[in-house]
Every structure is written in structure tokens, then in C-alpha cells.
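Notes follow once the structure below has been shown.
Derivation of every value follows stated rules applied to the coordinates shown; laboratory data play no part. Just so it is clear, the structure is predicted and the values come from calculations on it, not from any experiment. When we count neighbours, we look across all protein chains shown, and the Cβ atoms used for this are built from the backbone with ideal geometry, even at glycine.
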Amino acid sequence: MKAAVVVFPGSNCDRDCKTAIERSTGARVDMIWHKETALPAGLDLIVLPGGFSYGDYLRCGAMAALSPVMPAVAEAAARGVAVAGICNGFQILCEAGLLPGALLRNAGLKYVCTPIALEIANLQTRFTAAFGARREAIMTIGNGEGHYFADDPTLDRLEGEGRIAFRYLANPNGSARSIAGILNEAGNVLGLMPHPDRSFDADLGSADGALVFQSVMASA
Amino acid sequence: MKATVHVFLKAGVLDVQGKAVEAALHGLGWAEVSDVRVGRTITFDLNAGDAEEAKRDVAAMCDRLLANPVIESYRVEIEGS
């Protein structure tokens, strides 16, 4: 099993992701600098990590979406490789057009950093299967722009197609329909505001995030 | 020529900065203020054949990068030649 974490200038959860994936799944994890134009062969998972890529210039994720590595990420996604964008990575996937919608400033204007209860809205995805029959999980969020927005027809489609993977039990930021994580149409690209990489061990307050990585590797 | 791009959140997209600024203006006594929107202005020099071509180019730049059409609308001004 093999994973890659893409490192953008300003990423700050890249090493957390590497450690989380290694300890949760035993997979080998390569760190890929954003200037690379090719990804290693045989990847089971690509992670776009959290942080403040390009200092959040222009819009969160807007500059990173144009990084040299992104065509290779899009190509791998089109081939069915699992891609997870966590926090800033979610913003990058939306800016790159790999996921619908956008992330706005939190409704309360505050950066929110706290463990938060989530509903696993779809248990039959490549990112949630390992939760078994569990409907709830705890993961940590840490963002100022995590307020998910999409127009109503898009939201209806996401709901109708089972593409809302995670919802907040208590909405911390005004996200439309309490969305915390969504999937692309094919179900192999996940955007997630909470951090499984900060919640993969009981010593961190919750080990539920490990199940996200274990789900992907079980389907690999 | 000089291009100026004004980018704002679309009507209907919650502008929390605008709301906060509006509340602050009300606090200062300007109760008559409403619908405050906070946006962004981007200016740059551009070599283009004519103003029409410049407008087309800048609109393409807005669609690709300068604005996010999911949440933002933009207005382009071209000055000079």
C-alpha cells in the first residue's frame, strides 16, 4: 500500500498526514513537492494536506490549484485513485474544480479550532467503510474558512447521490446543510474540513480519523 | 492600458465581513447604512490591441483565477490605450 502527501508552500499538516497514514495503515508515504509534474506509480491514496498554501493569497487554495503537480493529481483522480483533501486540501480541490462548491469565511468570523462531533452521512464510501455501523465520529477542525457553500441544485444533487460523507452534528461555521465532507461523482475524491490527521490516536483525544485512512486502504 | 477588476461575493452569498463592518458603522451612529459588501480590487497593466480585446482577456483571467464564479461576481474597467 502506497500513499503520497502533496506539499505546497504553506502546507503545515503535511507531516501530520504522513505520520497519521503510516501509523493508521502501515502504508508507505511519499512526500511530493508541488513543483513535481508526475506522481509515483502505484499510489492507493493521494492527500492534499491542511495549512495555508500560498498564504491563502487571493482565495484559500486558489494558487495551489494551479500548482504544477495538480494536472497529475487530476489525472490520477480521473483514473480512480483515492484523493483526500483535508481542510486547505478541500479548498484546493474545490478551486481546482475536482469538487463542487467553495469554502467561505466562517459565519461567526472566527477561526474555529476544536474537536467536533460528526455524523457519518454515508457509510458506504471508500473513505468511511471502516466505520462499520458507527454513525458518529469525533475529529478536530481548525479553520477560518470552512463554511461550505454551493447553490441549491448542487446541494440537492450531493444529497440525492449520497455524496455528503460527513456532517457536523452542531454546525460550527454556517456550512450549507451542515456539510463537513463531500465526495465527487465517482466517489474517489473526498474533501473534508475536519482533520483525520489530528484525530488518529486516542492520545490526541480521538482515534476516529484513523478509520478514514483504513477505509481507503481496505478498498485498495 | 490599465485594467481594474472589482470582485465581490455574489448577492445571496453571505458576506460576513460586510455584515461586521455594517454593524460597526451602525455602532458609530450611521444607522442609515445598509447592505455593506466588502470586496477586492485588483489592478494591472496590460498590452492589448484595443479595449474590447483587453476586456475579453481580463474576463478570461477572472473566470480562470481572479474570481471564483461559484461565489463571486466581478466587474472589469479598462483605461488608457
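Suppose we filter A:LEU66, A:LEU104 for residues that are touching a strand residue (DSSP E or B) at 6+ places or on another chain (Cβ under 7 Å) and within 14 Å of another protein chain (Cβ to nearest Cβ); which single one remains? Step through it out loud before you land on a result.
Details: A:LEU66 fails: touching a strand residue (DSSP E or B) at 6+ places or on another chain (Cβ under 7 Å).
Just a single option satisfies the conditions, and that option is A:LEU104.
Residue count for the stretch A:135-157 under the criterion of being of a type in the set (Gly, Ala, Ser) and farther than 16 Å from A:SER175 by Cβ: the result is 1. The number of residues in the stretch A:77-109 being small (Gly, Ala, Ser) and assigned to a loop (DSSP other than H, G, I, E, B) comes to 6. Annotation: of all residues in the stretch A:1-18 being touching a residue at least 24 places away in the same chain (Cβ under 8 Å) and more than 23 Å from A:GLY144 (Cα to Cα), the one that is surrounded by the fewest Cβ atoms within 10 Å (Cβ to Cβ) is A:LYS2. Number of residues in the stretch B:1-35 that are more than 14 Å from chain A (Cβ to nearest Cβ), touching a residue at least 12 places away in the same chain (Cβ under 8 Å) and more than 30 Å from B:ALA54 (Cβ to Cβ): the value is 2.
Which count do you get for residues in the stretch A:155-181 that are surrounded by fewer than 16 Cβ atoms within 10 Å (Cβ to Cβ) and more than 11 Å from A:ALA121 (Cα to Cα)? Result for the stretch A:155-181: 5. Taken together, A:THR125, A:THR140 contain a single residue that is assigned to a loop (DSSP other than H, G, I, E, B), among the polar types (S, T, N, Q), surrounded by 16 or more Cβ atoms within 10 Å (Cβ to Cβ) and within 15 Å of the chain's Cα centre (by Cα), which is A:THR125.
For every residue, the table says whether it meets (1) without any contact (Cβ under 8 Å) to a residue 12 or more places away in the chain; (2) within 14 Å of chain B (Cβ to nearest Cβ); (3) within 16 Å of the chain's Cα centre (by Cα).
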position	(1), (2), (3)
A:ALA117	no, no, no
A:ALA150	no, yes, no
A:GLU161	no, no, no
A:ALA170	no, no, no
A:GLY174	no, yes, no
A:ALA186	no, no, yes
A:PRO196	no, no, yes
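Tell me whether the stretch B:61-80 contains one or more residues that are more than 12 Å from chain A (Cβ to nearest Cβ) and without any contact (Cβ under 8 Å) to a residue 60 or more places away in the chain.
Going through the stretch B:61-80, the residues more than 12 Å from chain A (Cβ to nearest Cβ) turn out to be B:73-80.
Of the ones still in play, those that are also without any contact (Cβ under 8 Å) to a residue 60 or more places away in the chain are none.
There is no residue in the stretch B:61-80 that is more than 12 Å from chain A (Cβ to nearest Cβ) and without any contact (Cβ under 8 Å) to a residue 60 or more places away in the chain.
Would you confirm whether any residue within the stretch A:36-55 is β-branched (Val, Ile, Thr) and either touching a Pro at 6+ places or on another chain (Cβ under 8 Å) or without any contact (Cβ under 8 Å) to a residue 24 or more places away in the chain (or both)? Scanning the stretch A:36-55 turns up at least one residue that is β-branched (Val, Ile, Thr) and either touching a Pro at 6+ places or on another chain (Cβ under 8 Å) or without any contact (Cβ under 8 Å) to a residue 24 or more places away in the chain (or both). Looking at the stretch B:27-40, is at least one residue part of a loop (DSSP other than H, G, I, E, B) and of a type in the set (Lys, Arg)? Yes, there is a match, as at least one residue in the stretch B:27-40 is part of a loop (DSSP other than H, G, I, E, B) and of a type in the set (Lys, Arg).
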